[in-house]
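The values are calculated or read from the model by the stated rules, or taken from the named source; none is laboratory data. Just so we're clear, the structure is a prediction, and the values are computed from it rather than from any experiment. Cβ atoms come from the backbone with ideal geometry, glycine included; neighbour counts cover every protein chain shown.
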Amino acid sequence: MKSQGLIILVFLIIFQSCSSPEKVKSINGLEVAAQMANSEIRHFPDPWTVDFNPEPIWNYTQGLIAQSMIQIWKVNGDEVFYNYAKLYADKMIDSTGFISGYRVEDYNIDCVNSGKFLFDLYEKTKDDRYLKAIHQMRDQLKTHPRTSEGGFWHKQRYPHQMWLDGLYMGAPFYAQYARYFNEPELFDDVVNQFRLVHKYTYNPATGLNYHGWDESKTQKWADPVTGCSPNYWGRAMGWYAMALVDVLDFIPSEHPGRIVILEILNQVTEGLKKYQDPKTGLWYQVLDQGTREGNYLEATASSMFTYALLKASRKGYVGKDYKTLAEKAYRGILENFIHDNGDGTISLTKCCSVAGLGGNPYRDGSYQYYISEPVRDNDPKGVGPFIMASLEFNLNE
């Protein structure tokens, strides 16, 4: 009954917000985060299933949910959330510290993302299994294939390519490892990943970054001159924005590369501001195409941008006006994407399930491709960032 009451309270706040602005401030982001997290646990009692997987897999989506659960636990101390994250780790990591299903030779940058929440598990338990798994992720980066200038390929099967997604998957973990194990020489490499992907994907005319870049310019989706994919996909930039704000948690204030990251972050946030829907505060699946036929306001990208903007404004990385934009976006998520299931749980709706470039069947990065991918509820790529955005909203109050 308590959780149902919270749902009603949240929606009353939303619907009254236009006439009573002061009531908006009474939204409790921590309570909303916990309600979404508890809903996720009820929807997916086994954490390895959060991406609708038929069998256990070591993947970035499970790590994203585990990280969001750890963040709530750190704020409210509820062991339910910690235990849910730990349950995933213990399912996938055996007694020797080997990660089930993980193959270094695949050189999949996505797999590295799930290493992040293991730092907290190790700190709490001092279980060497988690430490060994962390080192496995780091060891992958030692031999991971790179572009000619040192940028990590997205995957072995996507040669010569950097995708915006990959910056979130690898860079924050890499920087956290450098800080945790006192290897400051690694920070130069971390910063270089952002410098390179921004150099090749950022378009100053729009203020946005293309989804991917093929150094070889051989992919059918790649522009023959620039090597860039043809469109600005919302979630790709969402991953990128989150990577920028999260990596700053670990790069030392005296490191010269920190200025580079801040400059890139400010360019990215200017672009997000430009394409934020003025009515809802949300963002479209294809960012610069607005109400073009087939385009839609999309929950995963909107949640990611909201988290990134709330955190960037709280930390003073961007101007104060971004806090207002981010709070509008958060309220827009609550009003447009959160559904009361009537059983004490809530769902995040209008989530693009997946999108990428190349592969088989071939994904050409066209507008029609992005708008035709399936849309579903409670995709972890939206739920995790929404939980983290809710926590940031709470901190910003």
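Some values worked out for this structure:
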{"quantity": "Boolean, Asp340 is among the charged types (D, E, K, R), in contact (Cβ under 8 Å) with a residue 12 or more places away in the chain and touching a Ser or Thr at 6+ places or on another chain (Cβ under 6 Å)", "calculated": "no"}
{"quantity": "Scan of region 47-79 for residues that are over 23 Å from Glu123 (Cβ atoms), acidic (Asp, Glu) and either touching a residue at least 40 places away in the same chain (Cβ under 8 Å) or in a helix (DSSP H, G or I) (or both), ordered by number", "calculated": "Asp51"}
{"quantity": "Test: residue in region 231-251 that is buried (at least 16 other Cβ atoms within 10 Å of the Cβ) and more than 22 Å from the chain's Cα centre (by Cα)", "calculated": "no"}
{"quantity": "Candidate set: region 289-318, residues that are among the hydroxyl-bearing types (Ser, Thr, Tyr) and not in a helix (DSSP H, G or I); chosen: the one nearest to Leu334 (Cα to Cα)", "calculated": "Tyr296"}
{"quantity": "Exclusive hit being crowded, with 16+ Cβ neighbours inside 10 Å and either among the small types (Gly, Ala, Ser) or at pLDDT below 95 (or both), set Ile70, Ile8, Ile14", "calculated": "Ile14"}
{"quantity": "Qualifying residue in region 92-101 (condition: at pLDDT below 95, part of a loop (DSSP other than H, G, I, E, B) and either touching a Lys or Arg at 6+ places or on another chain (Cβ under 6 Å) or under 26 Å from Pro385 (Cβ atoms) (or both))", "calculated": "yes"}
{"quantity": "Condition met for Met162 (touching a strand residue (DSSP E or B) at 6+ places or on another chain (Cβ under 7 Å) and either of a type in the set (A, V, I, L, M, F, W, C) or not in a helix (DSSP H, G or I) (or both))", "calculated": "yes"}
{"quantity": "Residue within region 112-119 that is under 30 Å from Thr226 (Cβ atoms), touching a helix residue (DSSP H, G or I) at 6+ places or on another chain (Cβ under 7 Å) and modelled with pLDDT of 95 or more present", "calculated": "yes"}
{"quantity": "Qualifying residue in region 343-364 (condition: assigned to a helix (DSSP H, G or I), touching a residue at least 40 places away in the same chain (Cβ under 8 Å) and not hydroxyl-bearing (Ser, Thr, Tyr))", "calculated": "no"}
{"quantity": "Residue that is nearest to Tyr275 (Cα to Cα) [pool: residues in region 196-247 that are small (Gly, Ala, Ser) and without any contact (Cβ under 8 Å) to a residue 60 or more places away in the chain]", "calculated": "Ala205"}
{"quantity": "Among (1) in contact with a Phe, Trp or Tyr (Cβ under 9 Å, 6 or more places away or on another chain); (2) under 28 Å from Cys352 (Cα atoms) - the single one Ala205 does not satisfy", "calculated": "(1)"}
{"quantity": "Residue match in region 257-265 (condition: charged (D, E, K, R) and in contact with a strand residue (DSSP E or B) (Cβ under 6 Å, 6 or more places away or on another chain))", "calculated": "no"}
{"quantity": "Any pair with Cβ under 7 angstrom, 6 or more apart, that starts in region 87-101 at a residue that is farther than 16 Å from Asp120 by Cα and surrounded by fewer than 15 Cβ atoms within 10 Å (Cβ to Cβ) and ends at one that is at pLDDT 95 or above and small (Gly, Ala, Ser)", "calculated": "Asp94/Ser100"}
{"quantity": "Residue satisfying condition, being in contact (Cβ under 8 Å) with a residue 40 or more places away in the chain and buried (at least 17 other Cβ atoms within 10 Å of the Cβ), within set Tyr296, Tyr322", "calculated": "Tyr322"}
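The rows are residues; the columns are (1) β-branched (Val, Ile, Thr); (2) within 19 Å of Tyr210 (Cβ to Cβ).
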position	(1), (2)
Gly271	no, yes
Glu293	no, no
Tyr296	no, no
Leu309	no, no
His339	no, no
Ile346	yes, no
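Residue by residue, here is whether (1) among the small types (Gly, Ala, Ser); (2) assigned to a helix (DSSP H, G or I); (3) closer than 10 Å to Leu357 by Cβ; (4) in contact with an Asp or Glu (Cβ under 8 Å, 6 or more places away or on another chain) holds:
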{"position": "Ser216", "(1), (2), (3), (4)": "yes, no, no, no"}
{"position": "Lys220", "(1), (2), (3), (4)": "no, no, yes, yes"}
{"position": "Thr226", "(1), (2), (3), (4)": "no, no, no, no"}
{"position": "Met237", "(1), (2), (3), (4)": "no, yes, no, no"}
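For (1) at positive phi; (2) more than 16 Å from the chain's Cα centre (by Cα); (3) buried (at least 19 other Cβ atoms within 10 Å of the Cβ), each residue gets a yes or a no:
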site: Pro278; (1), (2), (3): no, yes, no
site: Val286; (1), (2), (3): no, yes, yes
site: Gln289; (1), (2), (3): no, yes, no
site: Thr300; (1), (2), (3): no, no, yes
site: Thr345; (1), (2), (3): no, yes, yes
site: Leu348; (1), (2), (3): no, no, yes
